[in-house]
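Please read the structure below before turning to the comments.
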Amino acid sequence: MSNGAARLRAAFPADRAALIPYVMGGYPTVAASLDYARALAGHADILELGIPFSDPLADGPTIQSAGQRALESGTRPGDVIDIAGALRGGPPVVLMTYVTLILAAGPDAFFARASDADVAGVIIPDLPLEEGDAIRAAAAAAGVAIVPLAAPTTTDERLAAIGARADAFTYLVSVAGVTGGEVAVDDRLRGFVDRARRAIPGALAVGFGIRTPAQARAIGEFADGVVIASHLVRMIEEAPTHAAAVAALDAYGAELAGALAGATRAS
Amino acid sequence: MRFGPYGGRYVPETVIGALDELGAAYSRYREDAEFVAELDGLLASFVGRPTPLYRAERLGASYGIERLYLKREDLCHTGAHKINNALGQVLLAQRMGKRRIIAETGAGQHGVATATAAALFGMHCCVYMGRTDMHRQRLNVIRMKMLGAEVRPVDAGTGTLKHATSEAIRDWVTNVVDTHYVIGSAVGPAPYPEIVAELQSVIGRETRKQILALEGRRPAAAVACVGGGSNAIGMFRGFLDDESVLLVGVEAAGEGIATGHHGASLEFGKPGVLHGSLSYLLQDEDGQVAEAHSISAGLDYPGVGPEHSYLRDTGRVRYESATDREALDAFVALSQSEGIIPALESAHALAFLAREGAALGAEGPVVVCLSGRGDKDVEQAGAALGIDV
């Protein structure tokens, strides 16, 4: 299926912020992570699926160690793309991967395979706007969107340049830092989203450090999407059994979706 | 800024502004007379530059090299060439108004150099070091702490330089507004490889001048060890335009290339991205970064600076490797024939000459960058050599 960008744009509801939960592919095993993805897909507008990488610079300890476990259980990038394929028919999937994994596969082969699995978009945290012409061309040819990231330290000028390239949505990093910290829903975050809003057309999703339904609701009042990642990984880590993890994710997904439905959106 | 296809800035968006700021500050201050005078003054009075070019006659004779010269970076204050870069970057950070300095370290030489420069300027310093490296380079951990630096152990993976560098970058991403990250080798996102190479190019400039004064001619060859490759690029930059000078970079062959336990990214890796730049990289077929291996913590790194990747492809520099065993032999040979105990890193450059030096020496003088001294290695080398006290 092509035109991942259009599918992602359509996944943002008009009346509330989109829920974008994250699953690390292959953590703790490929089969288990597919179950977790299915549990969350029932509540998600978009599903983010991580490809484990040996040296994830943008990730904090939780996602690092989940990725390490996934690699130790033998997970390969192709296995994670296959998980996306198995989720076909559900919410659109965006892969989160680091640039060198795409280079190793070859950009054309990587995106062709992703497209065959109905992957709608790819988030590449170590690919800023100036890099990766070959990767962008291969993604475009395969109809897979590249979801750009912007940070509070991004200048207005760069925000505009990022916005000019964003054809699906833009991922706003809530805070300078790595994944898994604790977001502060404050004027600084609102100010950053406002600044991005002025420079970037299309939907803005906020991620990094969002844990609770209350935080999701508060951010859902001024952003178009909310990404929950490390906290969900920790829930899997802490669950006594696989079945308990699936049940906990299903219940938490419902709670998060409910919180976003209840958020009063600024017009 | 790229070296052919290599280099680039493959980093999270959060630090792009800081890289722009660093590039602009460096472009400005490298031309600033006051900055240059202050750095040159410190290199002379604090570091002890210029370092001597010493003719090693007995070692040369044992290697079949008539005129073998050692560029004595081991005589720099703190014991290695790392201070050339650390001092320049900390001075720059001070000009940029940064209050906090972070660094990664493998062998501890860069950590000590950065802690030293931070102490000199009264700045707070935090050094990331792999747990394994903290054990094998204990002396340097103590030195950093004495200098007032905080040493943060990194437990991830094998607890070596790769992991320490990743953790330092994560710190930088989090604290980028008031923190300068002093990268210790000619690696990382642009403009770091260029800044580090330029700050280390003092090695090659001095060596060229010294050999011309001593010999009245250029050397036949210049040899240096390569982990990330900062001492090597510093030496090579003095001779890149002298086409008759053979340049040789020596990587770590670890327990032997065939065992797969080595650090020879230029010989046996393929291009990929690690720590912000595209360069040769030890990796598996999926692109997962491999663990390197070397007896020397400073060469125990699966990547290499992007300029070396370019110089490899163009053929201007020849890259070779030496095993742990060969490096230990050279460590002993230099210690006992010249009274100089080298760093295990630097011993790799000598090990190559033990193997192939005679052919090079027949062509003329050979210079080796003796990048550091071996005090830090005495416990580990002593154990490997079975020295009983």
Mean projected area in nm² (Cα convex hull; one quarter of hull surface) for chain B: 17.6
Bins of 5 Å from zero: percent of alpha-carbon pairs in region B:168-280: 2, 11, 16, 19, 17, 14, 11, 6, 3, 1, 0
Interface size A-B, as summed buried accessible area [1.4 Å probe, Å², nearest 100]: 2600
Computed FRET value (nearest 0.05) for B:THR158 with B:ILE257, which takes r as the C-beta separation and R₀ as 22 Å: 0.75
Cα centroid separation - region A:243-265 against region B:82-141, whole Å: 46
Förster radius 60 Å - calculated FRET efficiency between B:GLU150 and A:ASP116, Cβ distance, rounded to 0.05: 0.75
Whole-percent pair-distance distribution, where bins are 10 Å wide, for the alpha carbons of region A:12-261: 8, 34, 40, 17, 1
Centroid-to-centroid separation of region A:77-137 and region A:176-229 [C-alpha atoms, Å]: 24
Restricting region A:89-158 to GluC sites (Glu not before Pro) in coil, as DSSP defines it, with at most 14 other Cβ within 10 Å: A:GLU130
Using alpha-carbon coordinates, inclination of helix B:109-121 to the longest axis of chain B, degrees: 50
Å² per residue, accessible surface of the protein assembly as shown at 1.4 Å: 34
Gain on full stretching of the segment that runs from B:VAL36 to B:GLU267 - 0.36 nm per residue minus C-alpha separation: 79.4 nm
Computed helical MRE - 222 nm, chain B, DSSP H runs ≥ 4 contributing -39500 (n - 2.57), nearest 500: -13000 deg cm²/dmol
Carbon/sulfur fraction of accessible area - the protein assembly as shown, other protein chains in place, 1.4 Å, %: 53
Mean projected area (nm²) of the alpha-carbon convex hull when region A:102-216 is viewed from all directions: 7.7
Mean Kyte hydropathy of 1.0 or more with a Cα span along the axis of at least 20 Å, helices from DSSP in chain A: A:242-261
Summed residue charge, Cβ within 12 Å of B:VAL248's Cβ, Lys/Arg positive, Asp/Glu negative: +1
Proximal aspartates and glutamates relative to B:LYS98, as straight alpha-carbon distance under 14 Å, when same-chain residues fewer than 8 apart are discounted: B:GLU21, B:ASP178
Cα gyration tensor shape of region B:67-107, rounded if a/c is under 1.5, else prolate or oblate by comparing a/b with b/c: prolate
Which of B:SER62, A:SER73, B:SER335, B:SER265 is most accessible, then next, and so on - probe 1.4 Å: B:SER62, A:SER73, B:SER335, B:SER265
Local net charge near A:TYR27, Cβ-Cβ under 11 Å (Lys/Arg +1, Asp/Glu -1): -1
Three-way shape label, region A:1-140, alpha-carbon gyration tensor, a/c 1.5: rounded
Rg and Dmax of the protein assembly as shown, Cα atoms only, in Å: 26.0, 83
Protein-only accessible surface order, largest first, of B:MET96, B:MET1, A:MET24 at 1.4 Å: B:MET1, B:MET96, A:MET24
Estimated distance in nm for a label pair at B:HIS77 and A:ARG265, the labels positioned 7 Å out from Cα along Cα-to-Cβ: 6.2
Region B:19-74 versus region A:4-49: alpha-carbon centroid distance in Å: 54
For chain A, calculated [θ]222 nm from helices alone, where every DSSP H run of n ≥ 4 adds -39500 (n - 2.57): -14500 deg cm²/dmol
Number of partner chain Cβ atoms within 10 Å, mean per residue of A:51-61: 6
For residues of B:3-10, the mean tally of beta carbons on other chains within 10 Å: 3
Cα long-axis angle, helix B:16-29 against chain B (0 to 90 degrees, to the nearest 10): 60
Residue-averaged beta-carbon neighbours from other chains (10 angstrom radius) around A:92-100: 3
Listing of region A:125-144 residues, each with accessible area lower by at least 40 Å² in the full protein assembly than in the chain alone (probe 1.4 Å): A:ASP126, A:PRO128, A:GLU131
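The values are calculated or read from the model by the stated rules, or taken from the named source; none is laboratory data. The model shown is predicted, which means the values in this text are computed figures rather than measured ones. Reconstructed Cβ throughout: ideal geometry from the backbone, glycine too, with neighbour counts over all protein chains shown. Accessible surface is based on the protein model in full, side chains and every heavy atom, while ligands, DNA and RNA are left aside. Shrake-Rupley method; radii C 1.70, N 1.55, O 1.52, S 1.80 Å.
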